[in-house]
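Worksheet: one structure, shown below.
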Amino acid sequence: MDSQQVRLLDGSTFAISDRGGDIGAGTDVEGVFYRDVRHLSRWQILVDGQPLRPVAGELLEYDTGVFYAVEPTPTVDDPAHLILLRERHLGPGMRERLTLTNRGTDERKVTVVVRFAADFADIFEVKKGMSKSLRPQARAGDGEAELCYRRADYRRGTHLRAPGAFLTTDSATYQVTIPASGQWSVELELSLSASTKQYAITNGHRPQMDIGLSEWLAQAPSLDADWPLLRRIYRRSLVDLAALRFYPDVTPRASLLAGGMPWYMALFGRDSLIASYEALPFVPELCRTTLRALASEQSSGFDDMHDAEPGKIMHELRHGELVHFGQRPQSPYYGTCDATPLFLIVLEEYWRWTGDADTIRELEGAARAALEWVEHYGDLDGDGYLEYQTRNPRHGMPNQCWKDSAKSILYPDGRLAPLPRATCEIQGYAYDARLRTAALARQVWGDNALADRLERAAGALKEAFNRDFWLPETGYYALALDGDKQPVPTLASNPGQLLWSGIVPDDRVEAVVGHLLGRNMFSGWGVRTLAAGQPVYNPVEYHNGTVWPHDNALIAAGLARYGRRDEANRLATGILEAGGHFHDRLPEVFSGEDRDRIPIPLPYPGAGCPQAWATASPLLLIRVMLGLDANSGEPRVDAHLPEPLSRLTLRGVASRQGRVDVSA
C-alpha cells in the first residue's frame, strides 16, 4: 500500500485519498468507489484558493479516518494559525465533518471551497490508468447537488448535501468568519446510487447491516496468548475481515468476503473459498454464505465469452459499466480451474466443523454438478487431470490457477509453458475434493455407491499423479504439465500445497520439505512463489519470487498434516513476524528478498491490503500451532507451540457442540 494513501473501507464502498484527505489531487487511483465504479473522482478543500499542507492522516477504524492539515506559511519557522480537522466516515456513502480552527490572535475571514467531481469510471478503467472524459448530468440548489450518469438502462449517481453552502455543480463554497481562538464546522454528506436503487446514510451503517464491528468482535473467539504480536495480528485480522464483508444480492441478510482492496472488492470464487476456509471455526457465517452465493452463480451451460461450462464455479462477479454492456466478461466470469474443486473441499470442511446437514443437503445439487465438472468438463483431453485454456481470446485469463498473472507458469529459462496447462496443486485439489465429497455422500446424502466410486477414483489419481508429476532428478514435483504433456521443472511453491491436499506419499515428504524450507525457497519470512537461483526468479515479480501469506498458511497446514510441526511453526512464525512490520496487517504479497540480507520484509508495490485470504491467514496459522481440527466431528487439539509462545487459548470456537474453549 502506498504510504501516502489513506484507505477507508466498508463493504462495497471504499475510498482512497492522500494523507490530507484530498481526492484527485494526487494519484489516478484516488476516489470513492461503489460496486466497481468511481462515484467521486475529486474531493478537495481550498482555503482562500489554496490547498492546505497535510500534517497527518490516519484510520481510526476501517471505515473511519481523520485528517489534519494547516494553512501554508512562507517558511517552516512561521506558525500556522488556521488548522483543519477532517473527520470522515464511510458507509453506503460518505459523511465528513470539517472543523476549521483559528489559533491566531485576530479574527479571520476566509473562503472555504470544497471542489468535487465524479467521472463514474469503471474499476477496470481506473486500474489501467485510463482517463474517462465524461460530463455527467448535474444539478445544484437548496444545499444539495447531484451528479448523474446514464447510458441506456445503466444509471449511477452521487448526491451531495452541503448545508449552508453556495453550491454549483462542481463546488460548495462557504464564507466563514472565525474569531480568535474560535472554530467553524460543517458536516457534508454523500449518498450513492446504482441503477434505480438509492442508498442513504443511516448513522454510517447499511440498512441491511445486522452486525456492527463491536458485535462482530464479541462473537468471534477471544484469544489469550503470551506473544503480544499474535494478539495484535489476531485482532487486526478480525477487524479487516469485518471491513471486507459485503452483502451479495443473492444472500442479502448474510455477509461474505470481498477479495480485497482496492481492485478486488467483489465476489470471487477461489479467493472467497480459501479465505472462508481459513476463517471457518472463527466466523463460520462467512463460509456458509460463500458456499450459497457461489452455488447460486454456478454455471449451467457452455459460454465461450465467460469461459463457462456446466457445474463450474465462478471466478469473479462485477457490477460496473463495462460488465453491464458486455464489454468485459465478469458478469460473472468462470475463468478459474481451481474454484470448483475448492468448492467441494470447503463444503466438506464446513460440514466437519458445524454439522450443518441442512446446508449440505441444500447444496447437494450444486456439489454434484461441481463434481461432474471435475470429472468431465474440467479434464480437457481425458487424461484424468484438470487443465485450463481460455476460450475468450480478448479478455479471458491465460492462467486460471491461483497464480493467475500472465507469466507465472514458466520454464526455468523464462519460456512460457504451452497451453493447455495442468498445474500440480489443482490436481491435489481434485484428489482431496473426491475424498471429501465421498465423505458427504456416505454421511449426509446416503449414497454409498458414489462414495465408493470417488474413493477409488481418488486412489487412481494419486497413483497417476505421483508417476507423471514427480521429477526424480530433483526430488520434487513439476510445477505443471504443459500442453504437450511435458513436465515444467521450475521450482515453485505450488507443490507445497500438495501437502495440504494429502496427495504426497509418505516416502516423498522429506524431499518436498527439504526444498520448501531450503535456502532457495524459504526467504526467512516465508516460502517464495518461485525458488531463487533460477533465471526467472525475481523477488518483486507478482508470482515469480514473492511471498504470499495465504500460500504459506496452506503449506503450513500441509506440513502439520504430515507431522512436520517444527517446519510448520517455522513458516507460521516467519509470516506472523513479517506482519509485525506491516502494522500488524498481512498484505496480499510481499518481497521475497532474503531475510539474512535485508532484515525487514519489503513491501510489494501495489499489493492489495487488506486482502481476504491474507487477512484470514493468521487464523489458519493459529489452528496449525494448536493442532486444531474437527476430523472426529468435534474440536481436537494437538498443540505444538513455536518458541515465542508458551500459552495459547481460544474461547468460543465454533463447533458441532456449539461454542467451545480450546487451550495449549
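Based on this model, can you work out whether Arg597 counts as surrounded by fewer than 21 Cβ atoms within 10 Å (Cβ to Cβ) and in contact (Cβ under 8 Å) with a residue 40 or more places away in the chain?
Details: surrounded by fewer than 21 Cβ atoms within 10 Å (Cβ to Cβ): yes; in contact (Cβ under 8 Å) with a residue 40 or more places away in the chain: no.
Considered against the rule, which asks whether it is surrounded by fewer than 21 Cβ atoms within 10 Å (Cβ to Cβ) and in contact (Cβ under 8 Å) with a residue 40 or more places away in the chain, Arg597 comes out as no.
Could you list, in sequence order, the residues of region 1-58 that are over 26 Å from the mean Cα position of the chain (by Cα), buried (at least 20 other Cβ atoms within 10 Å of the Cβ) and assigned to a loop (DSSP other than H, G, I, E, B)?
Within region 1-58, Gly20, Leu52 qualify.
Counting just the residues of region 89-142 that are in a helix (DSSP H, G or I) and in contact with a Phe, Trp or Tyr (Cβ under 7 Å, 6 or more places away or on another chain), which one comes out least open to solvent (accessible area, probe 1.4 Å)? Give the derivation first.
Pass one, region 89-142, residues in a helix (DSSP H, G or I): 123-127.
Restricting the remaining residues to those that are in contact with a Phe, Trp or Tyr (Cβ under 7 Å, 6 or more places away or on another chain) gives 123, 127.
On the way: Ile123: 6, Lys127: 103 Å².
Across region 89-142, the extreme among qualifying residues is Ile123.
Determine if region 286-296 includes at least one residue that is farther than 14 Å from Leu273 by Cα and either assigned to a helix (DSSP H, G or I) or not β-branched (Val, Ile, Thr) (or both).
yes
Take region 630-651 and flag every residue that is surrounded by fewer than 18 Cβ atoms within 10 Å (Cβ to Cβ) and assigned to a strand (DSSP E or B).
Arg636, Thr649, Arg651
Would you please name the residue that is nearest to Ala654 (Cα to Cα), looking only at residues in region 251-308 that are polar (S, T, N, Q) and open to solvent by less than 10 Å² (accessible area, probe 1.4 Å)?
Ranking the candidates gives Ser276 first.
Residues to consider are Pro610, Pro618, Pro587, Pro549; find the one that is at pLDDT below 95, within 21 Å of Ala258 (Cα to Cα) and either in contact with a Ser or Thr (Cβ under 6 Å, 6 or more places away or on another chain) or open to solvent by less than 30 Å² (accessible area, probe 1.4 Å) (or both).
Every option except Pro610 fails the conditions.
What residue, among those in region 217-248 that are of a type outside the set (A, V, I, L, M) and under 13 Å from the mean Cα position of the chain (by Cα), is farthest from Phe582 (Cα to Cα)?
Taking region 217-248 and keeping what is of a type outside the set (A, V, I, L, M), we get 219, 221-222, 224, 226-228, 231-232, 234-237, 240, 245-248.
Those left that are additionally under 13 Å from the mean Cα position of the chain (by Cα): 237, 240, 245-246.
Numbers: Ser237: 12, Asp240: 14, Arg245: 22, Phe246: 25 Å.
Only one residue fits best here, namely Phe246.
Limited to region 44-67, what total is found for residues that are without any contact (Cβ under 8 Å) to a residue 60 or more places away in the chain and over 16 Å from Gly31 (Cα atoms)?
11
Hey, could you check region 143-156 for residues that are without any contact (Cβ under 8 Å) to a residue 40 or more places away in the chain and surrounded by 13 or more Cβ atoms within 10 Å (Cβ to Cβ) and say which is farthest from Gly320 (Cα to Cα)?
Checked region 143-156; the qualifying residue farthest from Gly320 (Cα to Cα) is Gly143.
Among the residues in region 375-384, are any assigned to a loop (DSSP other than H, G, I, E, B), free of Cβ contacts under 8 Å to residues at least 12 places away in the same chain and open to solvent by 20 Å² or more (accessible area, probe 1.4 Å)?
Taking region 375-384 first, the residues assigned to a loop (DSSP other than H, G, I, E, B) are 378-384.
The next check asks that each one be free of Cβ contacts under 8 Å to residues at least 12 places away in the same chain; those that pass are 379, 382.
Adding the requirement that they be open to solvent by 20 Å² or more (accessible area, probe 1.4 Å) leaves 379, 382.
Checked against the condition, which is being assigned to a loop (DSSP other than H, G, I, E, B), free of Cβ contacts under 8 Å to residues at least 12 places away in the same chain and open to solvent by 20 Å² or more (accessible area, probe 1.4 Å), region 375-384 yields at least one hit.
For region 59-86, give me each residue that is in a strand (DSSP E or B), open to solvent by 20 Å² or more (accessible area, probe 1.4 Å) and in contact with a Gly (Cβ under 6 Å, 6 or more places away or on another chain). Full working, then the answer.
Kept after step one, since they are in a strand (DSSP E or B), are these residues of region 59-86: 59-61, 64-70, 82-86.
Applying the additional criterion that residues be open to solvent by 20 Å² or more (accessible area, probe 1.4 Å) yields 59-61, 64, 66, 68, 83, 85.
Passing the criteria: only Leu59.
If I go through region 331-352 residue by residue, how many of them are within 24 Å of the chain's Cα centre (by Cα) and either modelled with pLDDT under 95 or charged (D, E, K, R) (or both)?
Residues in region 331-352 being within 24 Å of the chain's Cα centre (by Cα) and either modelled with pLDDT under 95 or charged (D, E, K, R) (or both): 4 in total.
From the set of residues in region 416-438 that are in contact with a Pro (Cβ under 8 Å, 6 or more places away or on another chain) and either outside any helix (DSSP H, G or I) or not β-branched (Val, Ile, Thr) (or both), which is most open to solvent (accessible area, probe 1.4 Å)?
That would be Leu419.
When region 324-363 is examined, which residues are found to be of a type in the set (A, V, I, L, M, F, W, C), open to solvent by 10 Å² or more (accessible area, probe 1.4 Å) and assigned to a helix (DSSP H, G or I)?
Residues satisfying the conditions are Trp351, Ala357.
The values are calculated or read from the model by the stated rules, or taken from the named source; none is laboratory data. The model shown is predicted, which means the values in this text are computed figures rather than measured ones. Glycine also receives a Cβ, built like all others from the backbone with ideal geometry; neighbour counts cover every protein chain displayed. Note: accessible area is taken over every heavy atom of the protein model, side chains too, but ligands, DNA and RNA are not part of it. Shrake-Rupley method; radii C 1.70, N 1.55, O 1.52, S 1.80 Å.
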